[in-house]
Amino acid sequence: MAQFFSIHSENPQLRLIHRAVAIIRSGGVIAYPTDSSYALGCQLESRSALNRICAIRQLSDKHNFTLMCKDLAQVAGFGKMDNDAFRLIKALTPGPFTFILKATKAVPKQLQHAKRKTIGVRLPDHRVAEGLLNEFNEPLFSSTLILPGDQASITDPQEIRECLEKKVDLVIDSGVIDYAPTTIIAFPEGCPEIIRQGKGVTPMLGTS
């Protein structure tokens, strides 16, 4: 049965953040809040936890997997950036953006896109997610909490608890979060390209 923590969205209780990170480090799967939706997360090195998330979401190796990172230095360890990409990502983060980068050798092959050898990276603008990442001090494998057959993520943590209490180890309740997909930006041939326009706005790329 999943544990259930109510963590304040603006002033996260540090003791609960510590307990959540301990669950992640023990190989657990958590449902947690981000700036665009609730998401599933786990330790990158826990193959069993990764497989559990893929099973919950029914994801294949054609899916673009994402790592939540605490800062650009952490991003650089897992995604390759030239100077232009670095400056753009720095200008847009933290925020509701997913950046598709060529994966470094630090990314397990299981998480790289099967053909393009890329990985998605995010720096979320949500106090609870930031607290988890700062305390964990490692990237968090993350996937939007969209269940098979649904078009949007579950918005209410009570509903998440009812649906997944036997499939995850922790549900973090930070209130209802309406689903607003991230803006996805890739860098084919080094030039930024908006793959999906979502919540994040990019006036420097001609969108508003």
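Before moving on, here are some points about what is shown:
- Electrostatic tally near P96: other residues with Cβ closer than 9 Å to its Cβ, Lys and Arg +1, Asp and Glu -1, net 0.
- Selected from I56, I172, I100 as most flexible by GNM, with the chain as the system and alpha-carbon contacts under 10 Å: I56
- What the pair-distance distribution of the range 1-95 shows, using all Cα-Cα distances binned every 5 Å from zero, is 2, 10, 18, 21, 20, 16, 10, 3, 0, 0 percent.
- Enclosing the Cα atoms of the chain in their convex hull gives a volume equal to 111 cubic angstrom per residue.
- Residue order, fewest to most surrounding Cβ atoms within 10 angstrom, among M204, M1: M1, M204
- DSSP bridge analysis restricted to the chain gives an antiparallel fraction near 60%, rounded to the nearest 5.
- Straight-distance crosslink candidates among aspartates and glutamates, where the alpha carbon sits under 19 Å from K80 and sequence neighbours closer than 8 are dropped: D71, E138, E189, E193
- Cβ crowding within 10 Å, taken as a proxy for footprinting-reagent exposure, orders C191, C42, C163 from fewest neighbours to most as C191, C163, C42.
- 0 to 90° range, to nearest 10: angle between helix 127-136 axis and the chain longest Cα axis: 90
- Packing-based exposure ordering (other Cβ within 10 Å, fewest first) of E189, E130: E189, E130
- Subset of K105/K166; K102/K167; K70/K109; K90/K117 violating a 27 Å alpha-carbon distance limit: K105/K166; K102/K167
The numbers here are math on the coordinates, done by the rules we state, and not lab data. These numbers were taken from a predicted model, which means no experiment stands behind them. Counting neighbours? That spans all protein chains shown, and the Cβs are built from the backbone with ideal geometry, glycine included.
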